[in-house]
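One structure below.
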Amino acid sequence: MTASIDALIPDAATALTDDAIAAHYSAGVAATWLRVNFVSSVDGAATHNGLSGGLGTEADRRVFDILRRLCDVVLVGAGTVRAERYGPLRVDEVAASWRVNHGLAGQPVCAIVSGALGLDPASRIFTEAPARPIVVTIGTSPVERRRALAEVADVIVAGDDELDVAALVSAVGDRGLGRIHCEGGPTLFGTLLAADAVDELCLTVSPLLEAGDARRIAHGELPEARALTLAGALTSESALLLRYLVRHDAPGRS
Ligand SMILES: NC(=O)c1ccc[n+]([C@@H]2O[C@H](COP(=O)([O-])OP(=O)(O)OC[C@H]3O[C@@H](n4cnc5c(N)ncnc54)[C@H](OP(=O)(O)O)[C@@H]3O)[C@@H](O)[C@H]2O)c1
């Protein structure tokens, strides 16, 4: 049986339907929007044995799938693609027709961020993709690899030595892909945060304590902490599914 998901904030409700969950995550979202989704243990681990899967609950997986319904493009770092062995990004038929009924393309585009381009053009993420993928890279990436990947994906060069996040957002926006849904990982999230490009963080707090030395959900340097506003909280079987908006108007705690 599917785990019941209940709402705490903004309005209490029990046993939410997929449509109600989609409405919860759609509230306040603009046509150009960058949402990031992560799962973490209560003590802040972003992985269990090197992967996120060991942290996710059934409710987290349900929300993970629903968030893919709501976007134009799923943005993901090459490290996550490699670690989590991403296959072709495809939503199921119910989600595809839901998307079409809500004015979206049947399938979201998958955009992979990679500096070194250690991505195999013959891998299923490219060859079986229902929508032509995008590879986002930087000017110093190997030209031969870039050429090989251009056979199976649109290659966007955003930045010379390092990723220019504004150029990335603008390039996908020019393709009509304004609603960006980032599935991680921590290196990419750190870069997006440093560029102040993130509008929303969806965070599942799984009822687990991991200890150890697992990484946190964001990695890298930030000039100052970012302030967040809690926009939503769902709960299911002791997990919290939180929706935070990044406050672009307020300085964070430095
Ligand atoms: N808890 C969760 O919800 C969650 C979500 C996602 C991932 N994870 C976990 O996170 C781990 C992977 O972490 P990660 O930090 O390596 O993930 P990542 O951010 O997905 O990948 C890092 C790689 O992506 C590319 N990349 C990311 N940001 C870049 C930038 N600013 N400029 C250029 N290239 C950039 C680079 O690829 P190249 O090396 O190809 O240049 C870099 O090595 C895995 O264990 C995964 O399971 C957890």
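Bear in mind that the values in this text are calculations on the coordinates, not laboratory data. Only a predicted model underlies this, so the values are computations on that prediction, with no experimental measurement involved. Here Cβ is always computed from backbone atoms with ideal geometry, including for glycine, and neighbour counts include all displayed protein chains.
The table for this structure:
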| item | result |
| --- | --- |
| Dimensions (Å) - the stretch 21-122, Cα atoms, principal axes, largest first | 38, 37, 25 |
| Unit charges on C-beta of K, R, D, E only; dipole of the stretch 106-181, Debye | 280 |
| Segment THR229-ASP160, length gained on full extension (0.36 nm per residue, minus Cα span) | 21.5 nm |
| Cα long-axis angle, helix 58-69 against the chain (0 to 90 degrees, to the nearest 10) | 50 |
| Percent breakdown of C-alpha pair distances by 5 Å bin, ordered from the shortest bin, for the chain | 1, 6, 13, 18, 19, 19, 13, 7, 3, 1, 0 |
| Positive-end extreme of charge dipole, the chain - chosen from LEU67, LEU8, PRO207 (charges on Cβ) | LEU67 |
| For the stretch 1-68 versus the stretch 82-118, the gap between their alpha-carbon centres in whole angstrom | 17 |
| Full-extension gain in nm, SER97 to ALA20, via 0.36 nm per residue minus C-alpha separation | 26.1 nm |
